[in-house]
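Step one of this worksheet: look at the structure below.
The values are calculated or read from the model by the stated rules, or taken from the named source; none is laboratory data. These numbers come from a predicted model, not from an experiment. Counting neighbours? That spans all protein chains shown, and the Cβs are built from the backbone with ideal geometry, glycine included.
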Amino acid sequence: MKETKYMLSLGLAYFEQAEMKRLNKKSREGWHLKKLSFMGYILEKGEPEDIIYTVDYRFLKDDECAEYIDMFQLGGWEHVFTEHHLHIFKAPRGTKPIYSDNDTRVEKYNRLQSWWGYASLIFLSIFIISLLVMWQTSGTLASVANVSFGIALILGLPSVVTFVTVFIRKSKTKKET
């Protein structure tokens, strides 16, 4: 049985480069990324390697996944795992980066921003509707609206902050062009 351990994530949307560096450091210590876990990563014990990691955000249909992974393998990148729209790859240090220019980085942020924009819009809508229902009703309906309001607030606030963070990162990347 392989030995595993958990590593807390700082947040890929906020600290992508720092996260990739942390994972590289762990690989040099013999702990390699296996998969995502709640608010972090599962690492698996192995031989120390100088591996670099990269992340890509892309929604794929089932029939597109194999071709997508093959494209990265041709560039020297090995697929580690896919979780929904998030794909992580690894390669030996010195491998050409997946995003080697600002235009491709902006495309990546556009995809990520689109996803978080939709999520933020959904939570914001639930938040507003729940607030209106709470103000206009009483009893059970108001209680249900109160719970919906809380859930929308708890999930919506991080969604909006992530959307804004990605927007700022994309804007900075565009300015570098």
Just one listed residue, out of Lys96, Lys90, Lys35, is charged (D, E, K, R), modelled with pLDDT of 85 or more and in contact with a His (Cβ under 9 Å, 6 or more places away or on another chain), and it is Lys90
| Does Leu8 satisfy the condition of being surrounded by 15 or more Cβ atoms within 10 Å (Cβ to Cβ), under 30 Å from Val160 (Cα atoms) and outside the structural domain of Val164 (by TED's automatic domain parsing)? | no
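Go through segment 37-60 and report how many residues are under 25 Å from Val106 (Cα atoms) and either more than 13 Å from the chain's Cα centre (by Cα) or surrounded by 18 or more Cβ atoms within 10 Å (Cβ to Cβ) (or both). Step through it out loud before you land on a result.
Filtering segment 37-60 down to residues under 25 Å from Val106 (Cα atoms) leaves 51-60.
Narrowing the set further to residues that are either more than 13 Å from the chain's Cα centre (by Cα) or surrounded by 18 or more Cβ atoms within 10 Å (Cβ to Cβ) (or both) leaves 51-57, 60.
The number of residues fulfilling the criteria is 8.
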Taking segment 138-177 and keeping only residues that are outside any helix (DSSP H, G or I) and under 15 Å from Thr104 (Cα atoms), one is left with Glu176, Thr177
Taking segment 61-101 and the residues there that are under 19 Å from the mean Cα position of the chain (by Cα) and farther than 21 Å from Lys34 by Cα, the one that is surrounded by the fewest Cβ atoms within 10 Å (Cβ to Cβ) would be Lys61
For Tyr118, state whether it is free of Cβ contacts under 8 Å to residues at least 40 places away in the same chain, closer than 28 Å to Ser171 by Cα and either in the same structural domain as Met20 (by TED's automatic domain parsing) or not small (Gly, Ala, Ser) (or both).
yes
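Only one of Arg22, Arg105 is touching a residue at least 60 places away in the same chain (Cβ under 8 Å) and either part of a helix (DSSP H, G or I) or surrounded by fewer than 17 Cβ atoms within 10 Å (Cβ to Cβ) (or both); which? Talk me through it step by step, then tell me what you get.
Working: Arg22 fails: touching a residue at least 60 places away in the same chain (Cβ under 8 Å).
Within the list Arg22, Arg105, the selection yields Arg105.
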Lys21 passes all but one of the listed conditions (1) over 13 Å from the mean Cα position of the chain (by Cα); (2) within 17 Å of Leu86 (Cβ to Cβ); the exception is number (2)
Scanning segment 25-52 residue by residue, those in a loop (DSSP other than H, G, I, E, B) and either in the same structural domain as Phe167 (by TED's automatic domain parsing) or closer than 22 Å to Phe72 by Cβ (or both) turn out to be Gly46, Glu49, Asp50
Among the residues that make up segment 56-67, is at least one of them modelled with pLDDT of 90 or more and within 22 Å of Gln113 (Cα to Cα)? no
